[in-house]
Amino acid sequence: MMSRQRSPFASGVVVASLVFLFVPLLVVVVFSFHSVGALTLPFRGFSLRWYRQIWKSDEFRSSLVNSAVVASVTGLVTMVLGTLAAYALSATRSRLRAPLALLLFLPLTLPGLFVGLSLLVMFGRATVSLSLWTVAVAHLVYVMPYFLLIAVATLQRLDVSLEEAAADLGATRWVVFTKVTLPQVWPVLMGATFLAFALSFDEFVITFFVIGPESTLPLYIFSSLRRTVDPSINAISTLLLGITLVLFALSFALTTRGGRGDALAGPVEGGRLDEH
Amino acid sequence: MRLRVQWKAGASMNIENTVTGAPRVEAIAVQRRFGGVTALGGVSLTAAPGEFVTLLGPSGCGKTTLLRIIAGFDQPTAGSVRLNGHDVTKVPAHRRPVNMVFQRPALFPHLDVARNVAFGPRIAGIGKSELRARVDDALAMVRLDGYQHRRAHELSGGQMQRVALARAIVNRPEVLLLDEPLSALDLRIRLEMEEELRRLHRELGATFVYVTHDQREALALSDRIAVFSGGQIEQVGTPDEVYNRPATPFVARLVGDANVIAVDAAPGESDSSLVHLGDVPLLVNGSVRGPAWLVVRPENVQLGLPVGTESLCGTIVDVSFRGTGFAYRVDISGLPHPLKAEVPGGPPLAVGERVSVAWLPSAVCLLTRDDHRDSDMIGVGH
């Protein structure tokens, strides 16, 4: 077999892409620790003064709390509703299954601008005053398809004969779900919940439309930018980045690791193994 | 070993009380259609207490559908299912006093062996100390004592299927349903497991309803065999009946190997029919008249030195070694396909040799031929 030649051009493209992707992030992170207010090199020393400064800001702290509350509510409600919907969707033999799945996944393809605007119009028509609750509802619409995509794929991979075996052993539907189905998929569902939390936590466009007088962290960053450009923005952005990265990492670890369980359920090839 | 029958939780309906004399399992005119496709076309079958009944047939013949209907995983389009004389057609799977072993072990991957086996009794509310004893008992019965704390993925295919068996029998079901439980295993382990199944059946005294496409398994295990084809039962009988007195050419070909030859039967002397193979007239027991199938098993064909001109003669066109003897293909003029013959011992006859072909009158049978119905059988016997 021919080994692939490593062309200097290809390596160059890779390095350039990485630089292009990560240097702006790095700049933000580095300058969040800058000891002076200048956003230019040379780097004059390390300090946490900008973090201390934002922590003193009531506006920052309330928007951080708001984001956390909205993301938690969105994550939890998504987990409960999404799990039930995914279970129903993967278990049904109805002819409506495919169109229903399409409808549930459709919001993935809609621009945030459109979702935000239509929700705003709807809330207006329904005379619901805008608040963090309307944000949570909007986020639910936004993150549900992501959750469902993961949950349905996982549930469908499960071996149906496991559920039949449990029913055969006397388990009611509820017992089958809690004792057989959930134990196999809960890590993946937790991972998908973290993803929902992360998506909600740093969502900007839809939030911008449906939020009331309060502010969330991304909105706070946006409004600060319009006032001043000082390194405290970098500190906030770095925090947001850090939280989001941790959540995505957790989500990734759980969803990929959790998929392992069902490999044991269908030992067709295992059945070919020798006895001793 | 005396077994106390313990019913599953929720089996609140009165199926504990056996209607005296009722069969353990009874399928009455069970029909199942999927859209426009008929999987089962009105099938009736019974299994007596303690009986080992096998549903045998090629894939897609409806045998698994019937088993799943008995288990409660599928509902019949028409007809009913009775257990101990009680109609359970509308009773959901988890409330039927039957247990099933699937083609794949379907062990719960998040539980160890002991917890897998304890799943049923735990739902039935069996107390801790008894639960443990019963799990250990069941594992001992499938010879897996000491495997309590293994995980499914640490077991071999045969061991997994044993755990699946233990998980079913620990509930002490009166009816054990088995859906091709050995089909995914290696031949050597399959033979071992066959022995285990026979032993379990003897020791448990439960009714076994067993689905397989393997005629050898069916013959080796069953008290009675129901041969399925195209959603219908072709024949129900003991292994001996099904093998030696097949009701249809389909059964003859499915169960064991057979030469099935299209003939025209004319009245013979007294209780026999006269058929012609090529130019040679032969008398066959039975009173079939008109178009017929002549069925003769390869091991019942006797080959010898050609004598006279009256007897049936042919030329050997193929020889293969079969361990206990040799299998031949004999070309007989006037027959569309060479005849299969299996002769114990050697030395082998050579290809091209002329031989006489004979069989005992009791070793062949004559079946009515309906060219319309048996159209798929035209050209059999090759």
**Prompt:** Among A:112, A:124, A:12, which one shows the biggest mean-square fluctuation in a GNM of chain A, springs joining Cα atoms closer than 10 Å?
**Reply:** A:12
**Item:** Highest-MSF residue in chain A out of A:57, A:251, A:237 [GNM, Cα springs under 10 Å]
**Value:** A:57
**Request:** Quick one: Debye curve from the alpha-carbon atoms of region B:257-377 only, equal weights, vacuum; give me log10 I(q)/I(0) at q = 0.12, 0.15, 0.22 Å⁻¹ to two decimals.
**Result:** -0.44, -0.68, -1.29
**Request:** Largest first and to the nearest Å, give the Cα extent of region A:170-227 along each principal axis.
**Result:** 65, 20, 14
**Prompt:** Tally Lys/Arg at +1 and Asp/Glu at -1 over every other residue whose Cβ is under 9 Å from the Cβ of residue B:100; what's the total?
**Reply:** -2
**Item:** Estimated D of region B:14-154 in µm² per second, where Rh is the Kirkwood radius over Cα pairs and Stokes-Einstein applies at 37 °C, 0.692 mPa s
**Value:** 190
**Asked** If you take every DSSP beta bridge whose two residues both sit in the protein assembly as shown, what share of them, in percent to the nearest 5, is antiparallel?
**Response** 75
**Message:** Could you compute the net charge surrounding residue B:342? Neighbours are other residues with a C-beta less than 13 Å from the C-beta of residue B:342; K and R count +1, D and E count -1.
**Reply:** +1
**Complete:** Charge dipole of the protein assembly as shown built from unit charges on the beta carbon (Lys, Arg +1; Asp, Glu -1), centred at mean Cα; most positive-end Cα among B:285, A:78, A:181 is A:78
**Prompt:** In Å and whole numbers, how far do the C-alpha atoms of the protein assembly as shown stretch along each principal axis, longest first?
**Reply:** 120, 70, 55
**Request:** Order by neighbour count: B:55, B:277, A:103, fewest other Cβ atoms within 10 Å first, most last.
**Result:** A:103, B:277, B:55
**Prompt:** region A:71-120 to region B:83-117: how many Å between their Cα centroids?
**Reply:** 34
**Message:** Ignoring chymotrypsin sites (Phe, Trp or Tyr not before Pro) that are buried or in helix or strand per DSSP, and keeping those with at most 16 other beta carbon atoms within 10 Å, what is the longest stretch of chain A between them?
**Reply:** A:44-203
**Cα→Cβ-extended label distance, 7 Å offset, between residue B:154 and residue B:34, nm** = 3.8
**Alpha-carbon Rg/Rh ratio, for chain A, with Rh computed the Kirkwood way** = 1.07
**Asked** Between region B:130-183 and region A:128-188, what is the C-alpha centre distance in whole Å?
**Response** 30
**Prompt:** Does anyone have the angle between helix B:128-141 and the longest principal axis of chain B? Alpha-carbon axes, 0 to 90°, nearest 10?
**Reply:** 20
**Request:** Quote the relative contact order of region B:214-364 in percent (integer), defining contacts as alpha-carbon pairs under 8 Å separated by 6+ residues.
**Result:** 18
**Fill in**
Candidate span helices, chain A: DSSP H, at least 15 Å along axis from Cα coords, Kyte-Doolittle average at least -1.0, result A:8-32, A:58-91, A:112-125, A:132-157, A:182-201, A:217-227, A:231-258
**Item:** If the convex hull is drawn through the Cα atoms of chain B, its volume per residue in Å³
**Value:** 169
**Message:** Using Cα-Cα distances under 8 Å and only pairs 6 or more residues apart, what relative contact order does chain B have, in percent?
**Reply:** 15
**Prompt:** Anyone know which of A:152, A:185, A:27 comes out most mobile in the 10 Å Cα GNM of chain A?
**Reply:** A:27
**Message:** For chain B, give me the percentage of DSSP beta bridges that are antiparallel, rounded to the nearest 5 percent.
**Reply:** 75
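Read-outs: derived from the displayed coordinates by stated rules, not from any lab. Source: prediction; values computed, not measured. Methodologically, a virtual Cβ is constructed for each residue, glycine included, from the backbone with ideal geometry; neighbour enumeration extends over all protein chains shown.
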